[in-house]
Amino acid sequence: MDDKRSFAWLSQLQFQAGVVSRQQALDAGFTMKAIQWRLRSETWQRLYPAVYATFTGTPSREGRLWAAVLHAGPGAVLSLETAAEIHRLTDKQSARIHVSVPAERRPGQHKKIRGVVIHRSRGLVAEWQPPWHLPRTTVEDTVLDLIAAARTFDDAYGWISAAVGRRLTTPELLGKTLAARTRMRWRGWVTAALQDAADGVHSPLERQYVHGVERAHGLPPARRQARRRHGSGHRYLDNLYEQYGLCVELDGNAAHPAEGRWRDTRRDNANLVQGARTLRYGWPDVTGHRCRTAAEIAAVLRRQGWTGTLRRCGPSCTATQEPQKPQG
């Protein structure tokens, strides 16, 4: 192996976490006999057919991802939950490695590998990456792919809110990518959801509140993610009815540690100092008990000068009934 090829080979090993394909080894100057000798002597190990780790021991997560991409062949990219992991859309490793290849590939072209799922995708667009980065779908395509595979609207919206909330993309860029797709599950819903995200609805819980509590019952629209001065910095309020001095905060955590409760108390106290009282609700309040929640908010708004009319969200809605006074 000449010096130029040797440098390229060492660089490739470093970029790909020590994992290479058979073709890459041949291109670097290894013969099949040399490759077989390294496998027999166990200085290399076979990870998948024609994909090798050039070291002993357990491959890293990055090495496993490179192995899956190299096994899938030219044009293959990480996708779905695995691309989400790489983009930091999620903090969890995907249980299975998802790889997408161009749709023209024959379905039987790849051997089934445990723990690796290969998808055939039309119009597959890889995000440009330098050769030392794992190939993956773009953030926007990853989000839309995950929406198409989601079980529920809330799961789907979770991907939108994660991408926008972590500032990995914008609703506008997601909308452009959506418009370029000829086929998309829930297209109308996704279009509306992107508008919600652009308006500051940053989680499935907040979306449930906006649609199930506020709009469904005719409450006035709040200002989302309202920025307020707090000490030497700023804080953002989920829903601020500024004209009526009311803030509605939403907490999606099932368990709220003591530190979190004290932080919420300090926030609520700061709101009151600035002239806005706080109502705080969780997931059950904006789903199963959304009518009761709407009635409570309406009662506070009326005391603050709201003259609107609370409406029923359906035949069994109880929002227009007078809320019961608490016992004791």
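The values are calculated or read from the model by the stated rules, or taken from the named source; none is laboratory data. This is a predicted model, so every value here is computed, not measured. In this analysis, Cβ positions are derived from the backbone assuming ideal geometry, glycine residues included, and neighbour counts consider all displayed protein chains. Remember, those area values only see protein heavy atoms, side chains included, never the ligands or the DNA or RNA. Shrake-Rupley method; radii C 1.70, N 1.55, O 1.52, S 1.80 Å.
Kindly give Rg over Rh for the range 52-92, based on alpha-carbon atoms, with the Kirkwood expression for the hydrodynamic radius. Before the final figure, lay out the partial values.
On the way: Rg = 11.6 Å, Rh = 11.3 Å.
Rg/Rh: 1.02.
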note = Note: probe point = Cα of Arg167 + 7 Å toward Cβ; backbone nitrogen < 19 Å; residues of the range 133-150 passing the test are 139-140
note = So the FRET efficiency between Arg22 and Ala149, C-beta based with R0 = 35 Å and rounded to 0.05, is 0.65
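Roughly speaking, what is the stretch gain from Ser316 to Arg280, that is 0.36 nm per residue apart minus the C-alpha to C-alpha distance, in nm to one decimal?
Working: separation 36, 0.36 × 36 = 12.96 nm, distance 2.44 nm.
Length gained between Ser316 and Arg280: 10.5 nm.
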inquiry  = Students often check this: by mean Cβ neighbours within 10 Å, which of 195-202, 32-39, 169-176 ranks highest, and how do the rest follow?
reply    = 195-202, 169-176, 32-39
task = Report Rg/Rh for the range 4-74, rounded to two decimals, where Rg is the Cα radius of gyration and Rh the Kirkwood radius.
result = 0.93
ask   = Of Pro49, Pro284, Pro315, which is the most mobile in a GNM of the chain whose springs link Cα atoms less than 10 angstrom apart?
value = Pro315
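Taking N as the number of residues in the chain, what is its alpha-carbon radius of gyration divided by 2.2 N^0.38 Å?
Numbers: Rg = 26.6 Å, N = 328, 2.2 N^0.38 = 19.9 Å.
Expressed relative to 2.2 N^0.38 Å, the Cα Rg reads 1.34.
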13 Å beta-carbon shell around Thr31, net charge (K/R +1, D/E -1) = +2
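Starting with the highest mean, order 302-308, 9-15, 78-84 by the number of other Cβ atoms within 10 Å, averaged over the residues of each peptide. Please report the intermediate quantities before stating the final value.
Working: 302-308: 12.0, 9-15: 14.6, 78-84: 25.6.
Per-residue Cβ counts within 10 Å, averaged per peptide and sorted highest first, yield 78-84, 9-15, 302-308.
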key: Size of electric dipole in the range 1-137: Cβ of Lys, Arg +1 and of Asp, Glu -1, about Cα centre, debye, nearest 20   = 560
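Full-extension gain between Leu10 and Arg223, please, as 0.36 nm times their residue separation minus the C-alpha to C-alpha distance. All intermediate terms of the calculation are to be shown ahead of the outcome.
Values: separation 213, 0.36 × 213 = 76.68 nm, distance 5.54 nm.
The span from Leu10 to Arg223 would gain 71.1 nm if fully extended.
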remark   = With the 8 Å Cα cutoff and a minimum separation of six or more residues, the chain has a relative contact order in percent of 10
key: Normalised per residue, the volume of the convex hull around the Cα set of the range 33-73 (Å³)   = 60
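What does the highest-first list of 90-97, 293-300 look like by mean Cβ count within 10 Å? Write out the running numbers ahead of the final one.
Numbers: 90-97: 13.6, 293-300: 21.2.
Top to bottom by mean Cβ count within 10 Å: 293-300, 90-97.
Carbon and sulfur: what percent of the chain's accessible surface (1.4 Å probe)?
Values: 9370 of 18480 Å².
Percent of accessible area from carbon and sulfur atoms in the chain: 51.
Per residue, how much accessible area does the chain have with a 1.4 Å probe, in Å²?
Details: 18480 Å² over 328 residues.
Per residue, the chain has an accessible area of 56 Å².
Explain nothing, just the number: dipole magnitude of the chain about its Cα centre with +1 on each Lys and Arg Cβ and -1 on each Asp and Glu Cβ, in debye rounded to the nearest 20. Write out the running numbers ahead of the final one.
Numbers: 49 positive and 30 negative charges, 98 e Å.
The dipole magnitude comes to about 480 debye.
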